[in-house]
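One structure is given here, and the rest of the page talks about it.
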Amino acid sequence: MDRIRIVGGARLSGTIPISGAKNATLPLMIASLLTEGTLILENVPRLVDVVQLQRILGNHGVDIMIAGKRPGDAPNSGRTLHISAKHIVDTTAPYELVSKMRASFWVLAPLVARRGEARVSMPGGCAIGTRPVDLLIMAMEKLGAQIDIEGGYVVARAPRGLRGGEIEFPKITVGGTHTAVMAATLANGTTVIENAAREPEIGDVADCLNKMGAKISGAGTPRIVIEGVAKLDGARHSVLPDRIETGTYAMAVAMAGGDVLLQNARPELLQAALDVLGETGVAVTPTNEGIRITRNGAALAPVEVTTAPFPGFPTDLQAQLMALMTRANGVSRITETIFENRFMHVQELARFGAHIHLDGQTATVEGVKRLRGAPVMATDLRASVSLVIAALAAEGETMVNRVYHLDRGFERLEEKLSHCGATIERLSA
Ligand code: UD1
């Protein structure tokens with residue numbers, strides 16, 4: 001398995017292009033199942049999770065064509081996918097495929113909406129605590145699907161189609177909201193979703209669905225209203241920039257010091273995280289081209305942060321912030337409220353000499369004067385990149401093992417960082 005070797009200490013300067021958002025790309029690809037027409041997605045990042053979802057959709061009979069580069073395309077521009085689910089040949093999503101990526105469970109909604117039935121394995125994905133699907137199932141039931149659990153599979157049936165309904169989520173869920181929105185687009189009548197997730201990716205998917213002919217209003221607010229339509233058409237849509245990748249590189253620059261432009265990044269997608277970076281003493285400057293992050297030698301101030309659904313501080317940046325705070329001048333407190341057990345990075349960060357004390361869902365991080373490079377293990381997607389951030393400021397060499405997790409969510413990470421002066425390379429097994 002590949003490893004990544006990093007020698008800490010170099011400052012970062014230059015430009016890092018921000019890719020299309022993984023968490024929008026996946027539901028957008030899944031939304032292609034709602035139409036016989038061709039969905040053209042631009043700015044798609046090159047990620048293992050995208051390839052994995054291509055496989056899953058292929059199993060349902062979806063054809064995906066990846067367009068080559070055109071004259072004038074920037075060398076690092078995202079790819080364009082032409083996705084056609086004209087003929088759905090299979091409505092079962094098997095364990096071997098779904099267990100590799102949790103979001104693939106979401107195919108349940110469009111399959112039932114379009115074909116009246118689906119059999120989808122209970123999901124796997126990142127090992128960050130129990131990640132149930134009860135709310136996704138509840139949403140499908142509210143829209144008239146009959147649900148049975150058979151041999152580890154969720155079987156959903158709506159032979160006469162789905163009907164509009166009222167869905168009130170007792171807890172904010174991104175996957176539940178995506179599922180409800182997708183299913184409701186083709187339901188008979190109007191659906192109202194209360195306490196919907198407001199993550200920017202929900203809005204991006206709704207924009208695309210509206211281009212396909214759906215009637216969705218209120219995406220990005222807690223109340224989404226969907227008027228069902230009889231069918232959806234193809235469309236062309238460009239994936240919004242990845243706010244988690246943006247926040248991750250912003251913290252990498254904060255950690256290593258230097259001056260980097262995060263090209264194509266949009267501040268409004270991660271204002272809470274940028275505010276926290278501002279509190280640490282890092283300069284965050286929105287420009288026409290993206291966001292500029294600068295830190296010149298000044299010490300990092302400690303912070304108190306609690307993760308929350310959007311527009312709060314994202315759980316997907318919690319591990320990266322913790323890595324940064326290991327070098328702060330004082331004691332930080334970071335509380336995780338979205339996922340239990342999302343602290344696997346704590347023991348790996350300790351290998352660098354970080355001082356972190358865990359008490360329930362709160363980590364107390366006592367900043368230290370120096371970190372030292374170490375062999376470490378990537379555990380889940382966001383935790384792995386926190387180890388890269390720590391390594392950038394650690395003395396000596398760090399070897400990150402099991403980088404499979406990094407490749408799921410970060411496109412050409414070592415290339416983007418080495419272009420800015422980091423000493424980082426991939427060692428292929
Ligand atoms: C999505 C993101 C993930 C991010 C998370 C929270 C994608 C592909 N993934 O994951 O990167 O970390 O949002 O911002 O977009 N829950 C239930 N029952 C359910 C569903 C969820 O109890 O049926 C709980 C979860 O256990 C968790 C919370 O709700 O505690 C939020 O989970 P959710 O927003 O659904 O996360 P995902 O959509 O899986």
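Observations on the structure shown:
- Close Cβ contacts (under 7 Å, 6 or more residues apart or on different chains) running from residues in region 325-348 that are acidic (D, E) to residues that are more than 14 Å from the ligand (Cβ to nearest atom) and part of a strand (DSSP E or B) comprise E348/V376; E348/M377.
- Condition met for A206 (within 23 Å of the chain's Cα centre (by Cα), within 12 Å of the ligand (Cβ to nearest atom) and either among the hydroxyl-bearing types (S, T, Y) or open to solvent by less than 10 Å² (accessible area, probe 1.4 Å) (or both)): no
- G213 vs. criteria away from the ligand (no atom under 16 Å from the Cβ), in contact with a Leu (Cβ under 6 Å, 6 or more places away or on another chain) and open to solvent by 10 Å² or more (accessible area, probe 1.4 Å): yes
- Scan of region 6-63 for residues that are under 26 Å from L417 (Cβ atoms), within 16 Å of the ligand (Cβ to nearest atom) and not hydrophobic (A, V, I, L, M, F, W, C), ordered by number: S19, G20, K22, N23, T25, P45, D49, Q52
- All of (1) at pLDDT below 95; (2) over 14 Å from R382 (Cα atoms) hold for F310 with one exception: (1).
- Residue that is most open to solvent (accessible area, probe 1.4 Å), among those in region 194-203 that are in contact (Cβ under 8 Å) with a residue 40 or more places away in the chain and not charged (D, E, K, R): P200
- Candidates G312, G297, G290 - the one that is small (G, A, S), surrounded by fewer than 22 Cβ atoms within 10 Å (Cβ to Cβ) and at positive phi: G297
- Some residue of region 407-425 being at pLDDT below 95, under 23 Å from the mean Cα position of the chain (by Cα) and farther than 22 Å from S19 by Cα: no
- Residue check for M29: in contact (Cβ under 8 Å) with a residue 24 or more places away in the chain and not in a loop (DSSP other than H, G, I, E, B): yes
- Residue list for region 217-243, filter: closer than 20 Å to N188 by Cα and crowded, with 21+ Cβ neighbours inside 10 Å: A219, I224, I226, G228, L232
- Qualifying residue in region 146-154 (condition: within 9 Å of the ligand (Cβ to nearest atom), assigned by TED's automatic domain parsing to the domain that holds G37 and either surrounded by fewer than 22 Cβ atoms within 10 Å (Cβ to Cβ) or at pLDDT 95 or above (or both)): no
- Within region 317-367, restricting attention to residues that are part of a helix (DSSP H, G or I) and open to solvent by 30 Å² or more (accessible area, probe 1.4 Å), the residue that is nearest to the ligand (Cβ to nearest atom) is M344.
- Test: residue in region 116-131 that is under 19 Å from I216 (Cβ atoms) and away from the ligand (no atom under 16 Å from the Cβ): no
- Set L406, L417: member being over 11 Å from R3 (Cα atoms), assigned to a helix (DSSP H, G or I), touching a residue at least 60 places away in the same chain (Cβ under 8 Å) and open to solvent by less than 10 Å² (accessible area, probe 1.4 Å): L417
- Candidates T190, T179, T173, filtered to the one that is assigned by TED's automatic domain parsing to the domain that holds R223 and open to solvent by less than 10 Å² (accessible area, probe 1.4 Å): T179
- Residue that is open to solvent by 30 Å² or more (accessible area, probe 1.4 Å), modelled with pLDDT under 95 and of a type outside the set (D, E), where the choices are R11, R102: R102
The values are calculated or read from the model by the stated rules, or taken from the named source; none is laboratory data. Just so it is clear, the model here is predicted, and its values are computed rather than measured. Reconstructed Cβ throughout: ideal geometry from the backbone, glycine too, with neighbour counts over all protein chains shown. Please note that ligands, DNA and RNA were not included when accessible areas were found on the heavy atoms of the full protein model with its side chains. Shrake-Rupley method; radii C 1.70, N 1.55, O 1.52, S 1.80 Å.
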